[in-house]
Amino acid sequence: MIKRVFIIVFDSFGIGELPDAELYGDSGSNTLLSVSKSVKFNAPILGRLGLFNIDGVETGKPENEPIGCYARLSEKSAGKDTVTGHWEIAGLVSEKSMPTFPNGFPESVIKEFERVTGRKTLCNLPYSGTEVIADYGLEHVKTGSPIVYTSADSVFQIAAHEEVIPLDELYDICRKARKLLNGDFAVGRVIARPFIGEYPDFKRTANRHDYSLEPPGPTLLDLLKEKGLETIAIGKINDIFAGKGITHSSSAKSNLDAMTQTVELLNRDFNGLCFVNLVDFDMLYGHRNDIDGYAEAVSEADEQLEIFMRGMREEDLLIVTADHGCDPGTESTDHSREYVPLLMFGESIKSGVNLGTRETFADISATVLEIFSLDNPLAGNSVLSKIIKTD
């Protein structure tokens, strides 16, 4: 009987373009294929779980006898955002893409932001997070005006030097921005982007904080919590769901930190779900088109998965997946519209089951709900009957 489910999201680890990728400007995107070409790529555990056996995967050597069950998941939601992808994993499909601002935010929005914060702003353009502090950081230090910028994603990002605008104030500014960005301007996330150092050697810190929209309806987390089950969030999961439906959360400074916390959790008795996000793939490597860095991060996570799997109990289920793509091998530095992997492993389930191509990420949510004998009012179809061992 499964009592503990661990969902580990490899943030942006797509495995090939979706049929509608062209509509998003993502034709030809394949994060896994690009990363696997690096000499730094080494993922034997993911391979044993069945990563290279998944339908449509064009790289790696398929296992003769995979130890996991595997599938590729289609995104049913509109968009390719982190929030959208995670919400769909948790059973909530978004019919409409979250708004983006390729020319920056309207003057009316910026003026209202300046009014509620009492500070003028700089930039207000789509920008790379590292380049924006290189270009505007010195002016920010001189004026105290926060740097507002966006990207191809649905985000309102605020960069500030920690010695110019202290973290508490920056976080308060973000909360004010989150409150005013609604309706047509309801971006998926407001993100605090603090940095330190002296010009020209500014450096972003690990004190990033995301302020997401609340999910507009119930998710897997809400349903589990309502039934008295634990819902433990590690990494930026708590931010993505705006704390909704979560019984315990902890932040993480890196993929390694998140995995270390997850491994430590194996020693704790609980009944429910542990939901983990490994953000470094996306934040540090995908958006910077750093193929080797991405490959090294996958290799490190693969090693951590092996450690985790050695410590699993008989009542545990591991689910590895992703929320979108971010192909570092294309010219784009933005998310890509891709299939994502589904890898499942545990003593209670069969091995080597090919679940094919699924219609939605929400099949994960539906499966978890069935594991805990709960009805599914959300999207998705459970695969439990196809993978569970029977006496």
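Tell me the residue from 362, 379 that is crowded, with 22+ Cβ neighbours inside 10 Å, over 16 Å from residue 3 (Cβ atoms) and not acidic (Asp, Glu), please. Result of the check over 362, 379: 362. Counting only residues that are more than 16 Å from residue 239 (Cα to Cα), out of contact with any strand residue (DSSP E or B) (no Cβ under 6 Å at 6 or more places or on another chain) and crowded, with 23+ Cβ neighbours inside 10 Å, the range 195-225 holds 1 of them.
Among the basic types (Lys, Arg), within 21 Å of residue 79 (Cβ to Cβ) and touching a Ser or Thr at 6+ places or on another chain (Cβ under 7 Å): which single residue out of 189, 119 fits that description? I'd like the intermediate steps shown before the answer.
Working: 119 fails: within 21 Å of residue 79 (Cβ to Cβ).
Sole residue among the options that is among the basic types (Lys, Arg), within 21 Å of residue 79 (Cβ to Cβ) and touching a Ser or Thr at 6+ places or on another chain (Cβ under 7 Å): 189.
Per the listing 244, 176, 225, the residue uniquely assigned to a helix (DSSP H, G or I), more than 16 Å from the chain's Cα centre (by Cα), among the basic types (Lys, Arg) and in the same structural domain as residue 85 (by TED's automatic domain parsing) is 225. Evaluate the following for residue 55: is it at negative phi and either among the hydroxyl-bearing types (Ser, Thr, Tyr) or modelled with pLDDT under 95 (or both)? Here the answer is no, as residue 55 does not meet what is asked. Here residue 348 passes the criteria (1) among the polar types (S, T, N, Q); (2) surrounded by fewer than 24 Cβ atoms within 10 Å (Cβ to Cβ); (3) at pLDDT 95 or above; (4) out of contact with any strand residue (DSSP E or B) (no Cβ under 7 Å at 6 or more places or on another chain) except the one numbered (4). Of everything listed in (1) surrounded by 24 or more Cβ atoms within 10 Å (Cβ to Cβ); (2) in contact with a Phe, Trp or Tyr (Cβ under 7 Å, 6 or more places away or on another chain), the single unmet condition for residue 26 is (2).
In the range 47-66 there is at least one residue that is within 22 Å of residue 382 (Cβ to Cβ), in contact with a Ser or Thr (Cβ under 8 Å, 6 or more places away or on another chain) and surrounded by 16 or more Cβ atoms within 10 Å (Cβ to Cβ).
Screening residue 212 against (1) closer than 28 Å to residue 30 by Cα; (2) among the small types (Gly, Ala, Ser); (3) without any contact (Cβ under 8 Å) to a residue 40 or more places away in the chain leaves a single unmet condition, (3).
Any residue that is in a loop (DSSP other than H, G, I, E, B), at pLDDT 95 or above, β-branched (Val, Ile, Thr) and surrounded by fewer than 22 Cβ atoms within 10 Å (Cβ to Cβ) - is there at least one of those in the range 247-262? Checking the range 247-262: at least one residue is in a loop (DSSP other than H, G, I, E, B), at pLDDT 95 or above, β-branched (Val, Ile, Thr) and surrounded by fewer than 22 Cβ atoms within 10 Å (Cβ to Cβ).
Would you list the helices (runs of 4 or more DSSP H) that sit entirely within the range 1-98 and hold 2 or more residues that are among the β-branched types (Val, Ile, Thr)? Explain how you work it out, then say what you get.
Values: elements: 31-36, 44-49, 82-89.
Fully inside the range 1-98 and qualifying: 31-36, 82-89.
Considering the conditions (1) of a type outside the set (Ser, Thr, Tyr); (2) out of contact with any Cys (no Cβ under 7 Å at 6 or more places or on another chain); (3) not assigned by TED's automatic domain parsing to the domain that holds residue 130, residue 232 is excluded by exactly one of them, (2).
State all residues of the range 122-135 that are without any contact (Cβ under 8 Å) to a residue 40 or more places away in the chain and either within 24 Å of residue 82 (Cβ to Cβ) or surrounded by 23 or more Cβ atoms within 10 Å (Cβ to Cβ) (or both); if no residue qualifies, say none.
Of everything in the range 122-135, those that are without any contact (Cβ under 8 Å) to a residue 40 or more places away in the chain and either within 24 Å of residue 82 (Cβ to Cβ) or surrounded by 23 or more Cβ atoms within 10 Å (Cβ to Cβ) (or both) turn out to be 123, 124, 125, 126, 127, 131, 132.
Screening residue 112 with (1) touching a residue at least 40 places away in the same chain (Cβ under 8 Å); (2) in a loop (DSSP other than H, G, I, E, B); (3) surrounded by 15 or more Cβ atoms within 10 Å (Cβ to Cβ) gives one miss only, at (2).
What about residue 314, is it without any contact (Cβ under 8 Å) to a residue 12 or more places away in the chain and either of a type in the set (Val, Ile, Thr) or touching a Gly at 6+ places or on another chain (Cβ under 9 Å) (or both)? So residue 314 does not fit the description; no. Note on the range 76-133: residues that are of a type outside the set (D, E, K, R), under 30 Å from residue 362 (Cα atoms) and within 19 Å of the chain's Cα centre (by Cα) amount to 19.
The values are calculated or read from the model by the stated rules, or taken from the named source; none is laboratory data. Quantities reported herein were computed from a predicted structural model and do not represent experimental measurements. Using ideal geometry, Cβ is built from the backbone for each residue, glycine included, and neighbour counts are taken over all protein chains shown.
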